[in-house]
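Once you've had a glance at the structure underneath, I'll fire off some questions.
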Amino acid sequence: MSVSAKEQEVRRSLPNKLSDRPLRGRIVVPFMVDESRDPIDFKALDEERLKQCAGQRRCGICGRKLKRGDTYAFIGPVRDLLCFDNPWMHEVCARYSARHCSFLGDGQRRYRDPADADDELLAPWLGELAIYLAPTGSVHRDALSWHFQPHGRVRQVRIEVAS
Ligand SMILES: [Zn+2]
């Protein structure tokens with residue numbers, strides 16, 4: 001089976017860590033997303049993968065481990081947010097997602113559903129988003145969801161939205 005020229009071109013443009021992830025069109029399917037769904041739903045996370053991210057300190061996008069000394073990146077609404085239900089990421093993976101993900105960054109105007117405003121979990125994601133960068137992180141799970149938390153000095157980088 002040959003890889004199409006278009007796919008090769010897309011793969012060449014990806015950060016190294018993401019070059020072997022599955023693609024849907026031009027977009028990388030994040031490690032944390034349930035990739036068996038067709039059509040893909042980027043909001044449907046895979047519970048097994050979340051466990052691996054938490055227990056083995058794997059990145060939610062590329063699935064590789066965060067190593068000692070790596071910056072822990074998180075994406076979420078702009079507010080005093082010190083807890084995320086989505087896994088930590090490598091900084092390079094978070095920046096890729098902010099630019100290309102169908103639910104974040106450039107894609108958000110097309111893909112975000114105004115109906116999500118009625119959903120308590122999704123509503124905050126309709127506002128302005130940021131990347132949070134921290135020296136390390138911790139995680140725990142309660143009955144409702146995962147809580148991935150940045151630790152140490154946290155920096156916030158606003159995600160630019162193309163209009
Ligand atoms: Zn990564």
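So which residues in the stretch 27-69 are surrounded by fewer than 16 Cβ atoms within 10 Å (Cβ to Cβ) and small (Gly, Ala, Ser), if there are any at all?
Across the stretch 27-69, the qualifying residues are SER36, ALA44, GLY55, GLY69.
Give all pairs with beta carbons closer than 9 Å in which a residue from the stretch 70-87 that is modelled with pLDDT under 90 and loosely packed, with under 14 Cβ neighbours inside 10 Å meets a residue that is assigned to a loop (DSSP other than H, G, I, E, B) and small (Gly, Ala, Ser); count only pairs at least 6 apart in sequence or on separate chains.
ARG79/GLY127
Same structure again: Identify all residues within the stretch 36-52 that are within 15 Å of the ligand (Cβ to nearest atom) and without any contact (Cβ under 8 Å) to a residue 40 or more places away in the chain; write none if there are none.
ARG49, GLN52
So which of ARG64, ARG24 ends up being within 16 Å of the ligand (Cβ to nearest atom) and not polar (S, T, N, Q)?
Unique residue meeting the criteria: ARG64.
Right, another one. One residue is enough: does the stretch 138-160 have a residue meeting the conditions aliphatic (A, V, I, L, M), more than 16 Å from the ligand (Cβ to nearest atom), in a strand (DSSP E or B) and modelled with pLDDT under 95?
The answer is yes; a qualifying residue exists.
On to the next question. So how many residues does the stretch 1-35 have that are free of Cβ contacts under 8 Å to residues at least 24 places away in the same chain and among the aliphatic types (A, V, I, L, M)?
Residues flagged as free of Cβ contacts under 8 Å to residues at least 24 places away in the same chain and among the aliphatic types (A, V, I, L, M) within the stretch 1-35 amount to 7.
Yes or no, residue by residue, for (1) part of a loop (DSSP other than H, G, I, E, B); (2) over 16 Å from the mean Cα position of the chain (by Cα); (3) among the hydroxyl-bearing types (Ser, Thr, Tyr); (4) under 13 Å from TRP88 (Cβ atoms):
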{"site": "LYS6", "(1), (2), (3), (4)": "no, yes, no, no"}
{"site": "PHE31", "(1), (2), (3), (4)": "yes, no, no, yes"}
{"site": "SER36", "(1), (2), (3), (4)": "yes, yes, yes, no"}
{"site": "PHE42", "(1), (2), (3), (4)": "yes, no, no, no"}
{"site": "ALA54", "(1), (2), (3), (4)": "no, no, no, yes"}
{"site": "GLY63", "(1), (2), (3), (4)": "yes, no, no, yes"}
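Next up: Just the residues that are out of contact with any Leu (no Cβ under 8 Å at 6 or more places or on another chain) and within 25 Å of LEU66 (Cβ to Cβ), please, taken from the stretch 22-35.
Scanning the stretch 22-35 gives PRO22, LEU23, ARG24, ILE27, PRO30, PHE31, GLU35.
Here's the yes/no breakdown for (1) polar (S, T, N, Q); (2) farther than 21 Å from GLN149 by Cβ:
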site: ARG11; (1), (2): no, yes
site: GLN52; (1), (2): yes, no
site: GLY63; (1), (2): no, no
site: LEU66; (1), (2): no, no
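The values are calculated or read from the model by the stated rules, or taken from the named source; none is laboratory data. None of these values were measured; they are calculated from a predicted model. Cβ sites come from the backbone with ideal geometry, for glycine too, and all protein chains shown count toward neighbours.
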